[in-house]
Number of protein chains: 2
Amino acid sequence: MSVVEYLESKANTLRLHSLRATTKAKSGHPTSCLSCAEIMATLFFKEMSIDPRNIDYIDNDEFILSKGHAAPILYAALAEIGIVSREKILTLREFSSELEGHPVPRVEGIRVATGSLGHGLSIGLGMAYAKRLRNIERRVYVLLGDGEMAEGSVWESINLGGKLRLSNLTAILDMNSLGQTGPTMFQWDSNAYASRVRAFDWNVFICDGHDISELIKVFSEAKRSDKPSFIIAKTVKGKGVSFLENAEGRHGMALSEDELGKAEREILPKVKEMDFQPANLIKAMRRVRDGRNRFSTKTSYKLGEMLATREAYGRALVKLGELNENMIVLDGDVKNSTFTTFFFEKFPRRSLQCYIAEQNMIGTAIGLQKQGFDVFLSSFACFLTRAFDQIRMASYSRANLKIAGSHAGVSIGADGPSQMGLEDLAMFRSLINGIVLYPCDAVSSEKLTCLMANLEGISYIRTTRSRTPIIYGNDEGFHAGGSKVLRQSKSDEVTILAAGVTVHEALKAYDELKEGGVDARVIDCYSIKPLDERTLKKAFEETKRVVTVEDHYAEGGLGEAVASLGLKPYILAVRRMPHSGEPEELLAEQGIDTDGIVNNVKKIL
Amino acid sequence: MSVVEYLESKANTLRLHSLRATTKAKSGHPTSCLSCAEIMATLFFKEMSIDPRNIDYIDNDEFILSKGHAAPILYAALAEIGIVSREKILTLREFSSELEGHPVPRVEGIRVATGSLGHGLSIGLGMAYAKRLRNIERRVYVLLGDGEMAEGSVWESINLGGKLRLSNLTAILDMNSLGQTGPTMFQWDSNAYASRVRAFDWNVFICDGHDISELIKVFSEAKRSDKPSFIIAKTVKGKGVSFLENAEGRHGMALSEDELGKAEREILPKVKEMDFQPANLIKAMRRVRDGRNRFSTKTSYKLGEMLATREAYGRALVKLGELNENMIVLDGDVKNSTFTTFFFEKFPRRSLQCYIAEQNMIGTAIGLQKQGFDVFLSSFACFLTRAFDQIRMASYSRANLKIAGSHAGVSIGADGPSQMGLEDLAMFRSLINGIVLYPCDAVSSEKLTCLMANLEGISYIRTTRSRTPIIYGNDEGFHAGGSKVLRQSKSDEVTILAAGVTVHEALKAYDELKEGGVDARVIDCYSIKPLDERTLKKAFEETKRVVTVEDHYAEGGLGEAVASLGLKPYILAVRRMPHSGEPEELLAEQGIDTDGIVNNVKKIL
């Protein structure tokens, strides 16, 4: 038996698994699996150097299924290399199964979640770059569908991948010409894709995606390429089952039992029992770096000193970089604004410029992190909304990312609303494993940044453009789920909850109220998620009235988080259309400055 | 005086305005303005056919400043054609000025907000397509910076623009080689851009961006192109001021008074007083279609009939399409899932396939709407997160969009979390002029869709994958800020607030509770923003206890919206990591099904 015969048989085995699993599940995307069966077989049983017993080690080749709806065939491949059982793949999409409708890292061999199209190549870029940084001579393979080639995020990764000359990155395009609701933009015009991708400095190869010999040949050529490789595989959706081949209207539809029977009768004859030693298995040696981080840093600020929390963040990154050689920092051409520039200057080989392409930056970060790096990335808080889908999917990837969003709120001033982060707390709070931190001074900013280095999940720190006074001593400690009671007395009539820039407004309001005979409790809610429920509830019980004040829209931020605890806060937030102006004017207009707080407290009492 | 001399003088006038305005404002991006002065002068005083007295009419040429931080030079151009006064441009960035740090449509001649990079070409695509639909032989010009060429959204629009062969769309790239923090990816390698853009089927022209004759020539060639045109203008950041030309570290920095003086001395000699009749002024005749919509449609469903709200939405679109010939519907290759397919089949010439590229779809929608079309667009709710930045900016553009997000919640079932909308209510609630609607049955779905046709701002309707029973009669009315009290009595001990799929769970819970001797009020909060505050507060006063239940994460959705009213709700929502399974199993796991509601009510009482 030749290699080609072996792989053809494996391809049809993968077809059978995919069809059986989706029919049993009564849902799924079998025709999308059928078009890439030869590609998957060639990758998993010939091309990729993998150690199935240690598939998560980082000196394996990597595979990412960017066309995540073809999950069944990925599970089938994992079964055929012995990572999951053949029985298990029939639990596809069941409530208790790790084999979900689209891939999630609940199964060995799957590092990231895919299923929202256009994400895989960014992640692959990050992994390929990681291997290069670690001098691991392994490759990263990303299988894309042609529908997702319309996603801009794919072109961001093609662009950066070409620029970085990531020769260990190979993309394969399953060009089956059919999207979900009709033909793709370019159908089988391989030259349309080829000319576009070549222009971005990749080597492009075109082949018949169902011809194993051709696939073997192009994979071999790709390996010799000094640029990233893009293999355009001409395929047929539904290939291998006569009544499905190139049929419109069959996207995302499982076969009935009858149809499955017919399909099996066509495919089974092509599946051969055989004795064949796979030549692509290796012994992997390098685990993903494990273990919790326990970094701690010191600050040495003076009370009253003025420094922006964004700058303190930048300084903290450098301190962490000195402690942690596994740390990488990403930027999207705003490093002098976010202050990641300090790290870029100090540790250029651990800094990656992703240019103005936030979607790809997030995907790259995920890929790097899954290869064992500790990744910090930042942009303006508002520009992180550009990558909400990628951040959402990072959550399902169980990724560990440390994200900073600067230029929070109307208090950035004259640049105006296009640059103002006013919804970022809502966005990051919505992540199921999100931690949201919002320091008000440089001490807490540095310490919370360091805390992020030790956290799991997706942690977000919101930083401020303007300089704010240091209010904490260098010995203060900060933790997720914590808060700082800054002013309190037994006769407090109201509690003011603030974070970031509004903490300083609240402290000034405290003074004014005190002069007027009103005692207020002031609490710095630097941990927005999780909130310090105990302290806040206690304050509510004792003072009976709560005011929250945030430089953020009213929806989904500090105020609503506090409200969800049942504390009935009076929520001061940005409620009017934002626009340019001086920071003080804008805060005042929104009623979230000192006067705004004082007036509202008086109204309540 | 020749045309070239005239335009050179105008270019330097624009330089002076930009420098003076930013120095006075003590902030802004003068060097980014200086690099495009000749481009702007040639466009506004020679190339573009415009009627300054009726600049918002749609038979003008259009200009979009995608590199929005160069706002000062746009304002300068508008001043020089008489739309704003020369004094006004010195109010740049002031609190009371419409001339904000980045363009917003508060000034005639500016239709959309820019400032988040990579948005302008999508919007321009929409405008160009609109003019084609209306047979208006005018052009759309979009000025981009080279930093933003890294944004995937730009490539989405280049891709679709090429495919649609929008020959009336001209992009100009201000290739000054410097981004914010350093050189761009390709600096002055015009061929790097040219080869990439040509591959997407645009005609590409390269010229010296400071040579007026060359600019005139390429604009003329572009006009004759049968494809969209991409003009690569080689420029120098800071051009025209010797100490700024190509200087690093000067991005986003206004000149000091001293520096301004020096700059003026260099530029003033190049500004000539002249008598010159601009030849590019026209008389525009066609207003943007104005006036509120007042469409109404009828439904004819039977109580108990089963239909998915997403399908009812699709039917409503067709009814609206029959009433409104100005209506356009956009899709991102999911029309058979969102049910916009009905409209696509019925009105193909008013339907636009945007393929799997949500960012560009939003931008295109904005462009179409600003040319007077009524635009509906949809995707899976979760995929709209791909375009959060564009939706955010649509808000600042004061755009009027009707957006539908389908496949809400865990109740989509087996596809798993990559396809589940669980944060979309938070996202759309965060828009300052957002309206968020969430129907539970086909009647309300159709009627709310029709309501959206008549609303201003950005309205969002959340639809469900599964079929749900009709519970409303065809005579029922629905309005923004409304709700429906479905069950109530004088002895209600608790209020259950639900929306969408959980309304049906709540009704079943009502029956169970009643059997157990507990009376509950059940309210369908189909209007999530704005909430029906009066009805909800009344219910709280009368029943004392409120439970909210939503198929959405706990943050930023119905529960927190209700909490922000001070009603201290017990919030049932998706709190556990979502995964595949049957809809019923998943709802139960999250405690948002009938049992979950019953158990929680019992716990509270």
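Here are the numbers for the structure shown:
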quantity: Filtered residues of the range B:140-190 (kept if facing chain A (nearest Cβ under 7 Å) and among the hydroxyl-bearing types (S, T, Y)); calculated: B:S153, B:T181
quantity: Of residues in the range B:193-206 being open to solvent by 10 Å² or more (accessible area, probe 1.4 Å) and either within 20 Å of B:E38 (Cα to Cα) or outside any loop (DSSP other than H, G, I, E, B) (or both), the one farthest from the other protein chains (Cβ to nearest Cβ); calculated: B:F205
quantity: Only one of A:G372, A:G314, A:G321 that is within 23 Å of A:G421 (Cα to Cα) and small (G, A, S); calculated: A:G314
quantity: Tabulated pairs, the range B:250-276, first more than 21 Å from B:E8 (Cα to Cα), second part of a loop (DSSP other than H, G, I, E, B) and open to solvent by less than 50 Å² (accessible area, probe 1.4 Å), C-beta under 6 angstrom, 6+ apart or interchain; calculated: B:R250/B:L244; B:H251/B:Q180; B:G252/B:H29; B:A254/B:S27; B:A254/B:G28
quantity: Conditions (1) of a type in the set (K, R); (2) in contact with a Ser or Thr (Cβ under 8 Å, 6 or more places away or on another chain); (3) within 24 Å of A:K319 (Cα to Cα); number of the one not met by A:R467; calculated: (2)
quantity: Residue in the range A:518-527 that is open to solvent by less than 40 Å² (accessible area, probe 1.4 Å), over 16 Å from A:V549 (Cβ atoms), under 35 Å from the mean Cα position of the chain (by Cα) and modelled with pLDDT of 95 or more present; calculated: yes
quantity: Some residue of the range B:25-35 being open to solvent by 10 Å² or more (accessible area, probe 1.4 Å), assigned to a helix (DSSP H, G or I), farther than 26 Å from B:S122 by Cβ and modelled with pLDDT of 95 or more; calculated: yes
quantity: Options B:E533, B:E541: the member that is over 24 Å from B:T468 (Cα atoms), of a type in the set (D, E), without any contact (Cβ under 8 Å) to a residue 24 or more places away in the chain and open to solvent by 10 Å² or more (accessible area, probe 1.4 Å); calculated: B:E541
quantity: Filtered residue count, the range A:347-377, keeping only those that are open to solvent by 20 Å² or more (accessible area, probe 1.4 Å), more than 9 Å from chain B (Cβ to nearest Cβ) and within 25 Å of B:Q187 (Cβ to Cβ); calculated: 4
quantity: Failed condition for B:L513, given (1) in a helix (DSSP H, G or I); (2) in contact with a strand residue (DSSP E or B) (Cβ under 6 Å, 6 or more places away or on another chain); (3) within 23 Å of B:G413 (Cα to Cα); calculated: (3)
quantity: Filter pass, B:S153 being polar (S, T, N, Q) and part of a helix (DSSP H, G or I); calculated: yes
quantity: Number of positions in the range B:527-571 that are of a type in the set (S, T, N, Q) and in a strand (DSSP E or B); calculated: 2
quantity: Which listed residue is surrounded by 24 or more Cβ atoms within 10 Å (Cβ to Cβ) and touching a Leu at 6+ places or on another chain (Cβ under 9 Å), from B:L507, B:L437; calculated: B:L437
quantity: Cβ-Cβ under 6 Å pairs, at least 6 apart or on other chains, the range B:461-473 side at positive phi, far side charged (D, E, K, R); calculated: none
quantity: Residues of the range B:389-427 satisfying the condition of being touching a Leu at 6+ places or on another chain (Cβ under 9 Å), open to solvent by less than 10 Å² (accessible area, probe 1.4 Å), under 20 Å from B:A113 (Cα atoms) and not charged (D, E, K, R); calculated: B:I391, B:A394, B:S395, B:L401, B:I403, B:M427
quantity: Residues located in the range A:395-407, provided they are away from chain B (no Cβ under 11 Å) and over 20 Å from A:L451 (Cα atoms); calculated: A:H407
quantity: Qualifying residue in the range A:418-432 (condition: closer than 30 Å to A:R287 by Cα and touching a Lys or Arg at 6+ places or on another chain (Cβ under 9 Å)); calculated: yes
quantity: Pair list, Cβ under 8 Å, 6 or more apart: the range A:560-584 residue more than 7 Å from chain B (Cβ to nearest Cβ), other residue basic (K, R) and open to solvent by less than 50 Å² (accessible area, probe 1.4 Å); calculated: A:A561/A:R429; A:A561/A:K529
quantity: Members of the range B:238-261 found to be basic (K, R) and modelled with pLDDT of 95 or more, listed by number; calculated: B:K239
quantity: Candidates B:I432, B:I412, filtered to the one that is in contact with a Gly (Cβ under 9 Å, 6 or more places away or on another chain) and in contact (Cβ under 8 Å) with a residue 40 or more places away in the chain; calculated: B:I412
quantity: Failed criterion for A:I366 (all others in (1) over 29 Å from A:I136 (Cβ atoms); (2) part of a helix (DSSP H, G or I) hold); calculated: (1)
quantity: Residue satisfying condition, being within 30 Å of the chain's Cα centre (by Cα), more than 28 Å from B:L437 (Cα to Cα) and of a type outside the set (S, T, Y), within set B:R286, B:R292, B:R315; calculated: B:R286
quantity: Residues satisfying the stated conditions in the range B:154-183, i.e. of a type in the set (S, T, Y) and either open to solvent by 10 Å² or more (accessible area, probe 1.4 Å) or more than 23 Å from B:M40 (Cβ to Cβ) (or both); calculated: B:S167, B:T181
quantity: Matching residues in the range B:535-559 - criterion: being in contact with a Phe, Trp or Tyr (Cβ under 8 Å, 6 or more places away or on another chain) and away from chain A (no Cβ under 12 Å); calculated: B:V547
quantity: Members of the range B:575-605 that are within 18 Å of B:G500 (Cβ to Cβ), open to solvent by 50 Å² or more (accessible area, probe 1.4 Å) and within 34 Å of the chain's Cα centre (by Cα); calculated: B:R575
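This table checks each residue for (1) more than 14 Å from chain B (Cβ to nearest Cβ); (2) crowded, with 20+ Cβ neighbours inside 10 Å; (3) assigned to a loop (DSSP other than H, G, I, E, B).
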{"residue": "A:E5", "(1), (2), (3)": "yes, no, no"}
{"residue": "A:N12", "(1), (2), (3)": "yes, yes, no"}
{"residue": "A:T22", "(1), (2), (3)": "no, yes, no"}
{"residue": "A:E38", "(1), (2), (3)": "yes, yes, no"}
{"residue": "A:F45", "(1), (2), (3)": "yes, yes, no"}
{"residue": "A:H69", "(1), (2), (3)": "no, yes, no"}
{"residue": "A:I83", "(1), (2), (3)": "yes, no, yes"}
{"residue": "A:V104", "(1), (2), (3)": "no, yes, yes"}
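Condition check ((1) among the acidic types (D, E); (2) in contact with a helix residue (DSSP H, G or I) (Cβ under 7 Å, 6 or more places away or on another chain); (3) more than 30 Å from A:R350 (Cα to Cα)) across all residues:
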{"site": "A:S35", "(1), (2), (3)": "no, no, yes"}
{"site": "A:I50", "(1), (2), (3)": "no, no, no"}
{"site": "A:D61", "(1), (2), (3)": "yes, no, no"}
{"site": "A:E87", "(1), (2), (3)": "yes, no, yes"}
{"site": "A:G120", "(1), (2), (3)": "no, no, no"}
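The values are calculated or read from the model by the stated rules, or taken from the named source; none is laboratory data. As the structure is a prediction and not an experimental result, all values here were calculated from the model. Because the Cβ atoms are built from the backbone with ideal geometry, glycine has one as well, and the counts that use them run over all protein chains shown. Remember, those area values only see protein heavy atoms, side chains included, never the ligands or the DNA or RNA. Shrake-Rupley method; radii C 1.70, N 1.55, O 1.52, S 1.80 Å.
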